[in-house]
Amino acid sequence: MIIAANLKTNLTRHDTALYIEEVEKCAQKSEQEVLIFPAISSLDTFETKVEVGTQNAYPTINGAFTGEIGLEQLDEFGIKTILIGHSERRHILGESQEFIAQKFDYFKDQGFKIVYCVGEPKEVREAGKMKMLAYISAQYEGIDTAYENLIIAYEPVWAIGTGLTPTLEDIQDIHTELKKKSPAPLLYGGSVKVNNIKDVLQVKNVDGVLVGSAALYAEHFCTMIEYADALEK
Ligand code: PEP
């Protein structure tokens, strides 16, 4: 399974290095594919089994894109994994599907492992399944769903950082629909925690999880990795 942590705008560079050191100890004992997305200022060269990726980058080698980083800055640290389409970038930072698709193409051409996020806001979910599927389908526009280095994360916006989660039946239902769109591994994200990860990982068509707030403590994230190992035994 794939167990990924999105640290968002949390932890200093110093604390991130300690965090990765701790998680590496668990990852070394684990069968899981472990990914960590630290804040950009915490990126570095990590010679670890844990794969460190960037939460964002601009589709460029370098240039005049104030506040962004490009390929040159990622290459410095050997970073070859990127998160694209996260709901906070779509909704808070205003990234359009067109721009997201452009970014996807750029990093696909560079051979990056791409964790591509999709998910609906609350009002769309409340509008019914057809509307919800149409909304999520639009987030696949311009995306090469057959890309061999793709991982998709289904993350309902209303479940991110809220403590709310869909029912397990709802997760299974939407994952079954999304599996028809792409053969890529499909993660669930949105308020996954130590106390619900076992249930989520056992849902059909869930190939792993993307965890935000509950992954901020290495100890908790390690427990999640251990639970994933235990389920596979
Ligand atoms: C996320 O932002 O990708 C996420 C899943 O956050 P949280 O676990 O805090 O809901």
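The values are calculated or read from the model by the stated rules, or taken from the named source; none is laboratory data. None of the values given here were measured: they were computed from a predicted structure. Positions of Cβ are generated from backbone atoms using ideal geometry, with glycine treated the same way; all protein chains shown enter the neighbour counts. Each accessible area value is taken on the protein alone, full model and side chains, heavy atoms only, with ligands, DNA and RNA left out. Shrake-Rupley method; radii C 1.70, N 1.55, O 1.52, S 1.80 Å.
Residue-wise test of (1) farther than 24 Å from ILE36 by Cα; (2) out of contact with any strand residue (DSSP E or B) (no Cβ under 6 Å at 6 or more places or on another chain); (3) aliphatic (A, V, I, L, M).
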site: GLY142; (1), (2), (3): yes, yes, no
site: THR145; (1), (2), (3): no, yes, no
site: GLY161; (1), (2), (3): no, yes, no
site: THR167; (1), (2), (3): yes, yes, no
site: GLN172; (1), (2), (3): yes, yes, no
site: THR176; (1), (2), (3): yes, yes, no
site: PRO185; (1), (2), (3): no, no, no
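Screening VAL203, VAL209 for residues that are assigned to a loop (DSSP other than H, G, I, E, B) and over 20 Å from SER137 (Cβ atoms) leaves exactly one candidate, VAL203. Filtering the stretch 95-119 to residues that are within 17 Å of GLU141 (Cα to Cα), out of contact with any Pro (no Cβ under 8 Å at 6 or more places or on another chain) and open to solvent by 50 Å² or more (accessible area, probe 1.4 Å) leaves SER96, GLU98, LYS108.
Yes or no, residue by residue, for (1) within 14 Å of the ligand (Cβ to nearest atom); (2) surrounded by fewer than 16 Cβ atoms within 10 Å (Cβ to Cβ):
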position	(1), (2)
MET132	no, no
GLU148	no, yes
THR165	yes, no
VAL203	no, no
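Can you find a residue in the stretch 46-67 that is assigned to a helix (DSSP H, G or I) and either open to solvent by less than 10 Å² (accessible area, probe 1.4 Å) or out of contact with any strand residue (DSSP E or B) (no Cβ under 7 Å at 6 or more places or on another chain) (or both)? No, the conditions are met nowhere in the stretch 46-67.
Determine which member of the set GLU123, GLU155 is without any contact (Cβ under 8 Å) to a residue 12 or more places away in the chain and either under 18 Å from the mean Cα position of the chain (by Cα) or open to solvent by 30 Å² or more (accessible area, probe 1.4 Å) (or both). Testing whether each residue is without any contact (Cβ under 8 Å) to a residue 12 or more places away in the chain and either under 18 Å from the mean Cα position of the chain (by Cα) or open to solvent by 30 Å² or more (accessible area, probe 1.4 Å) (or both) leaves just GLU123.
Looking at GLY161, GLY142, which is the one that is more than 16 Å from the ligand (Cβ to nearest atom) and assigned to a loop (DSSP other than H, G, I, E, B)? Spell out how you get there, then give the answer.
On the way: GLY161 fails: more than 16 Å from the ligand (Cβ to nearest atom).
It is GLY142.
Condition first: of a type in the set (Asp, Glu), within 16 Å of the ligand (Cβ to nearest atom) and at pLDDT 95 or above. Can you find one or more residues in the stretch 92-106 that meet it? Scanning the stretch 92-106, I find at least one residue that is of a type in the set (Asp, Glu), within 16 Å of the ligand (Cβ to nearest atom) and at pLDDT 95 or above, so the answer is yes.
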